[in-house]
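Here's the structure, in structure tokens; my notes come after.
The values are calculated or read from the model by the stated rules, or taken from the named source; none is laboratory data. Since the structure is predicted, the reported quantities are computational estimates derived from the model, not experimental observations. Reconstructed Cβ throughout: ideal geometry from the backbone, glycine too, with neighbour counts over all protein chains shown.
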Amino acid sequence: MKEELFISGRHLEKIDPHLEIWEFPISLYLFLGGLAAGILIFSSIVVLLNKEDKFPSAARWTPILVPIAIVIGLLALIFDLSHKLYVWQLYTTIRIESPMSWGAWVLLIITPLSILWVFSYIRELFPRIDWKFSILYRFESFIKEHKKFLATLLIPLCIILGIYTGILLSAFNSRPLWNNAILGPLFLTSGLSTGAAAIILFSKSQYEKHLFSKIDILLIIIEIGLIIHMVMGYYAGSEAHINAISILMNGDFSFMFFVILMGLGLIVPLLLEVFELLGLKMSVILPALLVLIGGLVFRILMVEAGQLTRILY
Amino acid sequence: MRYVMVIDTLKCVGCSDCVVACQTENDVPFGYCRDWVTETVTGTYPHVEMELRSERCNHCENPPCVRTCPTGASHVAEGGIVVVTGNECIGCGACIESCPYDARYQHPEEGYVDKCTFCIHRVEKGLKPACVSVCPTRCMYFGDIHDPNSEVAKLLAERKYKVLAPEAGTKPRIYYLI
């Protein structure tokens with residue numbers, strides 16, 4: 001038997017018995033970052049393949065969400081800082097060892113690029129927009145000419161952004177539930193899946209909806225595979241790792257993990273999308289919405305549960 | 001030069017003078033602390049053992065807080081002391097999440113992250129950290145481990161000791177004599 005207690009000192013409201021410094025804004029930020037990366041990757045691929053007319057939602061409509069998502073995400077992130085006025089300190093140094101540092105830099109590049117991306121075609125969607133200054137029209141045609149170059153730039157940057165949302169968590173070995181190498185690729189896959197779901201939601205073309213449903217099916221299968229891989233990795237790990245995964249397997253977060261994430265967020269939309277492809281009359285909106293909610297729940301689950309796990313000594 | 005702390009768990013009585021001294025010396029906000037005392041009881045009566053430990057930042061040789069800090073506010077100062085520069089800190093909490101010892105907190109009024117500094121302001125004047133200087137059982141020792149004649153080096157050469165969570169890979173520099 002072992003009993004341990006603090007006999008003095010630690011009456012920290014937020015620290016004892018756990019350190020829960022990161023709350024909902026961080027989960028939201030990770031979700032929106034992944035979603036933005038997913039949408040822009042698909043949009044860039046469509047542009048590079050010259051299929052803009054076949055996939056209007058992927059090429060034009062859904063990317064409008066990206067700058068909005070990134071700005072909301074960044075505001076959420078800043079809201080969660082406790083020393084907000086010093087946020088500019090992020091841009092006084094580049095620290096390769098700190099995922100948060102290079103994430104901040106990548107976002108500094110992607111945010112304006114995503115605005116330029118939308119700026120280049122927004123007049124095609126809303127012809128009544130008037131830029132007023134001729135320089136803006138010239139700038140618009142300049143970006144249009146170099147759109148493929150922009151797409152080539154955006155793909156690697158968005159892959160980094162998508163992976164970074166996972167690596168931000170996995171860099172902490174003191175929180176065993178975060179500390180696994182699969183979390184980066186897993187969050188990237190989840191981000192791509194939510195991106196595909198958003199494209200389905202905004203699409204009016206049956207052809208586009210079907211193709212992105214197929215892509216989403218593949219991504220959901222990969223995501224489930226990676227999650228199983230992650231869980232198995234924990235059971236093959238040290239005591240701290242086995243303790244950590246038990247919070248999802250048979251602990252406080254089991255319901256959220258099995259029912260909401262695995263069930264409603266992954267397996268149900270997967271089945272609905274498969275049935276739809278097989279010709280059954282189904283809504284494609286419902287699975288897309290479930291995938292998006294599942295993506296957000298996944299981030300909340302990992303952020304909240306991860307902070308409760310620790311190395312025992 | 002490498003400052004370390006050696007704490008004799010066999011001499012500690014758990015009076016918490018170190019905690020109060022630190023709060024007074026460093027003007028630690030109410031309800032917060034940079035050091036704390038834990039009591040661990042193992043076994044079943046009548047075969048029980050108790051260990052008292054005065055804990056704080058371990059001023060690790062491989063500090064994860066310094067690694068994950070995005071601005072460089074958390075850094076290693078002279079003598080291996082891990083400190084935070086308040087006006088470079090954005091309060092993101094990455095260092096708090098990365099610390100296996102839960103030794104850091106966000107200052108409730110100032111907003112930056114705060115922690116034990118080994119009382120660097122006292123050490124620079126040739127004094128000992130506040131906690132060490134007030135300990136009534138003199139169970140705490142502070143000094144340069146690279147100097148073979150220092151009290152800490154001698155104690156670690158003679159006595160059996162342990163560090164906390166060595167598996168975290170942080171190479172902690174607070175040694176507990178057991």
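Limited to the stretch A:199-242, what total is found for residues that are farther than 27 Å from A:T309 by Cβ and within 14 Å of chain B (Cβ to nearest Cβ)?
0
With the requirement that a residue be in contact with a Lys or Arg (Cβ under 7 Å, 6 or more places away or on another chain) and not in a strand (DSSP E or B), what does the stretch B:40-63 give you?
B:R56, B:C57, B:N58, B:H59, B:C60, B:E61, B:N62 - these are the residues of the stretch B:40-63 that are in contact with a Lys or Arg (Cβ under 7 Å, 6 or more places away or on another chain) and not in a strand (DSSP E or B).
Taking the conditions exactly as written (crowded, with 20+ Cβ neighbours inside 10 Å and modelled with pLDDT of 95 or more), does A:L35 satisfy them or not?
yes
Kindly establish whether B:V48 is modelled with pLDDT of 95 or more and not hydroxyl-bearing (S, T, Y).
In short, no.
Out of the residues in the stretch B:139-178 that are within 18 Å of the chain's Cα centre (by Cα) and among the hydroxyl-bearing types (S, T, Y), state the one that is nearest to A:L312 (Cα to Cα).
Filtering the stretch B:139-178 for residues that are within 18 Å of the chain's Cα centre (by Cα) and among the hydroxyl-bearing types (S, T, Y), the one nearest to A:L312 (Cα to Cα) comes out as B:T170.
Please go through the stretch B:91-128 and give me each residue that is under 26 Å from A:W102 (Cβ atoms) and part of a helix (DSSP H, G or I), ordered by number.
B:A94, B:C95, B:I96, B:E97, B:S98
Out of (1) farther than 27 Å from A:R175 by Cα; (2) more than 7 Å from chain A (Cβ to nearest Cβ); (3) small (G, A, S), what's the single condition that is false for B:G14?
(2)
Picking from B:V28, B:V37, B:V19, which residue would you name as being outside any strand (DSSP E or B), among the β-branched types (V, I, T) and facing chain A (nearest Cβ under 9 Å)? Spell out the reasoning first.
Working: B:V28 fails: facing chain A (nearest Cβ under 9 Å); B:V37 fails: outside any strand (DSSP E or B).
That would be B:V19, the only listed residue that is outside any strand (DSSP E or B), among the β-branched types (V, I, T) and facing chain A (nearest Cβ under 9 Å).
So, of the residues in the stretch A:158-197 that are among the hydroxyl-bearing types (S, T, Y) and more than 11 Å from the chain's Cα centre (by Cα), which turns out to be nearest to the other protein chains (Cβ to nearest Cβ)?
Step by step, filter the stretch A:158-197, then rank; the result is A:S174.
From the residues in the stretch B:64-90 that are in a loop (DSSP other than H, G, I, E, B), out of contact with any Lys or Arg (no Cβ under 7 Å at 6 or more places or on another chain) and of a type in the set (G, A, S), which one is nearest to the other protein chains (Cβ to nearest Cβ)?
Among residues in the stretch B:64-90 that are in a loop (DSSP other than H, G, I, E, B), out of contact with any Lys or Arg (no Cβ under 7 Å at 6 or more places or on another chain) and of a type in the set (G, A, S), the one nearest to the other protein chains (Cβ to nearest Cβ) is B:A73.
Of the numbered conditions (1) within 14 Å of chain B (Cβ to nearest Cβ); (2) within 18 Å of A:D216 (Cα to Cα), A:L264 satisfies every one except a single condition; which is it?
Result: A:L264 fails condition (1) only.
Counting only residues that are more than 7 Å from chain A (Cβ to nearest Cβ) and touching a Ser or Thr at 6+ places or on another chain (Cβ under 7 Å), how many does the stretch B:91-107 have?
Step one: of the stretch B:91-107, the residues more than 7 Å from chain A (Cβ to nearest Cβ) are B:95, B:101, B:103-104, B:107.
Retained after the next criterion (residues that are touching a Ser or Thr at 6+ places or on another chain (Cβ under 7 Å)): B:95.
Within the stretch B:91-107, residues that are more than 7 Å from chain A (Cβ to nearest Cβ) and touching a Ser or Thr at 6+ places or on another chain (Cβ under 7 Å) number 1.
Name the helices (runs of 4 or more DSSP H) wholly inside the stretch A:202-293 in which the number of residues that are under 30 Å from B:A165 (Cα atoms) is 1 or more.
Helices (runs of 4 or more DSSP H) meeting the threshold: A:206-235, A:239-249.
In the stretch A:296-313, which residues are assigned to a helix (DSSP H, G or I), within 14 Å of chain B (Cβ to nearest Cβ) and crowded, with 21+ Cβ neighbours inside 10 Å?
A:M302, A:V303, A:A305, A:G306
Is there a residue being closer than 30 Å to A:K209 by Cα and surrounded by 19 or more Cβ atoms within 10 Å (Cβ to Cβ) anywhere in the stretch A:98-110?
Yes; the residues of the stretch A:98-110 include at least one that is closer than 30 Å to A:K209 by Cα and surrounded by 19 or more Cβ atoms within 10 Å (Cβ to Cβ).
Restricting the stretch B:127-178 to residues that are among the polar types (S, T, N, Q) and away from chain A (no Cβ under 14 Å), which is farthest from B:C15 (Cα to Cα)?
So the first thing to find is which residues in the stretch B:127-178 are among the polar types (S, T, N, Q), and the list is B:133, B:137, B:149-150, B:170.
Subsequent filtering for residues that are away from chain A (no Cβ under 14 Å) retains B:133, B:137, B:149-150.
On the way: B:S133: 14, B:T137: 9, B:N149: 30, B:S150: 26 Å.
The qualifying residue farthest from B:C15 (Cα to Cα) is B:N149.
Could you check how many residues of the stretch B:108-126 are more than 12 Å from chain A (Cβ to nearest Cβ), touching a strand residue (DSSP E or B) at 6+ places or on another chain (Cβ under 8 Å) and acidic (D, E)?
Number satisfying all stated conditions: 0.
So which residues in the stretch A:273-295 are buried (at least 20 other Cβ atoms within 10 Å of the Cβ) and not charged (D, E, K, R), if there are any at all? Before the answer, list the steps.
Going through the stretch A:273-295, the residues buried (at least 20 other Cβ atoms within 10 Å of the Cβ) turn out to be A:273, A:284, A:287-288, A:290-292, A:294-295.
Correct list: A:V284, A:P287, A:A288, A:L290, A:V291, A:L292, A:G294, A:G295.
Name the single residue, out of those in the stretch B:60-96 being among the acidic types (D, E) and under 21 Å from B:F142 (Cα atoms), that is modelled with the highest pLDDT. Don't jump to the end; show me each part of the working.
Taking the stretch B:60-96 first, the residues among the acidic types (D, E) are B:61, B:78, B:88.
In the following step, the residues that additionally are under 21 Å from B:F142 (Cα atoms) were identified as B:61, B:78.
On the way: B:E61: 95, B:E78: 90.
Once the filter is applied, the top-ranked residue is B:E61.
Does A:P156 qualify as being out of contact with any helix residue (DSSP H, G or I) (no Cβ under 8 Å at 6 or more places or on another chain), assigned to a helix (DSSP H, G or I) and either surrounded by fewer than 19 Cβ atoms within 10 Å (Cβ to Cβ) or aliphatic (A, V, I, L, M) (or both)?
For A:P156, the condition - out of contact with any helix residue (DSSP H, G or I) (no Cβ under 8 Å at 6 or more places or on another chain), assigned to a helix (DSSP H, G or I) and either surrounded by fewer than 19 Cβ atoms within 10 Å (Cβ to Cβ) or aliphatic (A, V, I, L, M) (or both) - is met.
Could you tell me whether the stretch A:97-115 includes any residue that is over 19 Å from the mean Cα position of the chain (by Cα), charged (D, E, K, R) and assigned to a helix (DSSP H, G or I)?
no
Among the residues in the stretch A:72-80, are any touching a residue at least 60 places away in the same chain (Cβ under 8 Å), crowded, with 22+ Cβ neighbours inside 10 Å and out of contact with any strand residue (DSSP E or B) (no Cβ under 8 Å at 6 or more places or on another chain)?
no
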